[in-house]
1. Can you compute the label reach from residue 211? Point 7 Å from Cα along the Cβ direction, backbone N cut-off under 15 Å, restricted to the stretch 132-165.
2. Excluding ligands, DNA and RNA, what is the solvent-accessible area per residue of the chain at a probe of 1.4 Å, expressed in Å²?
3. What relative contact order, as a whole-number percentage, does the chain give when Cα pairs under 8 Å and 6 or more residues apart are counted?
4. Where does the charge balance sit around residue 273 when Lys and Arg score +1, Asp and Glu -1, over other residues with C-beta under 14 Å from its C-beta?
5. Just the number, please: carbon plus sulfur as a percent of the accessible area of the chain, 1.4 Å probe, no ligands or DNA/RNA counted.
6. Could you give me the ³J(HN,Hα) list for the stretch 25-35, computed from phi with Karplus coefficients 6.51, -1.76, 1.60 and θ = phi - 60°, whole Hz, x at Gly and Pro?
7. Calculated FRET efficiency, residue 60 and residue 181, Cβ-Cβ r, R0 41 Å, to nearest 0.05?
8. When you have a sec, figure out the Kirkwood radius of the chain from all distinct Cα pair distances and drop it here in Å to one decimal?
Amino acid sequence: MSGPQVITGEITAPARLDKALADATDLSRARVQALIAQGQITLDGQVARSASTKVAAGSIFEIDVPAASEAEAQPQDIPLNVAFEDAHLIVVNKPAGMVVHPAAGNPNGTLVNALLHHCDGSLSGIGGVARPGIVHRIDKDTSGLLVVAKSDAAHEELAEQFAAHSVHRRYIAICGGVPREKAGTIEGRIGRSDANRKKMAVLDKKSSRGKYAVTHYKVLGSYESSAVIECRLETGRTHQVRVHCASIGHPLLGDQLYGKTPKTLKSLLSEQNFARQALHAAELGFLHPITGEKVRFSADLPADMQELIDELMRFNR
């Protein structure tokens, strides 16, 4: 593990601060952005506040790079469903019920705990904490694919692809009711709900809060009081599919936070012991961060969602 260091120098050409510093040092842009957020960078004697600040040639910078701290998570021998793995990244099919990263209330049994054991400490430390590797997340009770970086170079390139919205993400969901339009686009800024801080919401069009989000959906099959839909994401906001579906009056079955189960289906979900949002990350595609090869992965529906669909089909007869 590398120790702390101080990097000083001069900006050689006008640019965004994060790009200028990445060009002037051996640090990646993602690492620079993390250090700015931590208040570890000064520009002409003033603490830098924004990675997007435009800087002029000749500006003097100082970067206080702390030693990467040990990851709080501990390796745990938890089975993983690995869709792909090489020296640079790993793609896993996460089961519903597994938290991605340790947090209050979930210090163990997370995907990170499992990865630390599986990868034997080879996950990237781009955020300044050794070996987390997480580039994006999916909710605890959502199943499906996500990619994890095993090197800083892979982490930086994957993060840029996610930021540019160039990553292919296709979800399969089961919603309450049947959308009037069999295919469409849901868009709007998603931010924290004023009514319930645990929830996200589609904000008023005039609001400057939140982040713009776009979901394209298509109905794959319809049943009494429900439909199976695919959702292709242009963006990846917190709870995006759940929030967008609820915003058009079709919350996902089993989603206790964003909607109520139609009365006609309550007993069926209870019989199936289905108590999570019916959402699965079925496809994930991106450019390999090192080789540049276009890669795409798919994961079949988990047994609980497939059984629920089978029951809905029988229920509809």
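1. Under 15 Å, as judged by backbone N against the label point of residue 211, lie 134-139, 158-165 of the stretch 132-165.
2. Per residue, the chain has 50 Å² of solvent-accessible surface.
3. After rounding, I find 14 percent.
4. -3
5. C and S fraction of accessible area: 47 percent.
6. 9, 8, 7, 7, 4, 4, 5, 4, 4, 5, 5
7. Numbers: r = 57 Å, r/R0 = 1.38.
Result of the calculation: an efficiency of 0.15.
8. Details: mean 1/r = 0.0467 Å⁻¹.
Evaluated on the chain, it is 21.4 Å.
The values are calculated or read from the model by the stated rules, or taken from the named source; none is laboratory data. Keep in mind the model is a prediction, meaning the values are calculated, not measured. Because the Cβ atoms are built from the backbone with ideal geometry, glycine has one as well, and the counts that use them run over all protein chains shown. To get the accessible areas, we keep the full protein, side chains included, count just its heavy atoms, and leave off ligands, DNA and RNA. Shrake-Rupley method; radii C 1.70, N 1.55, O 1.52, S 1.80 Å.
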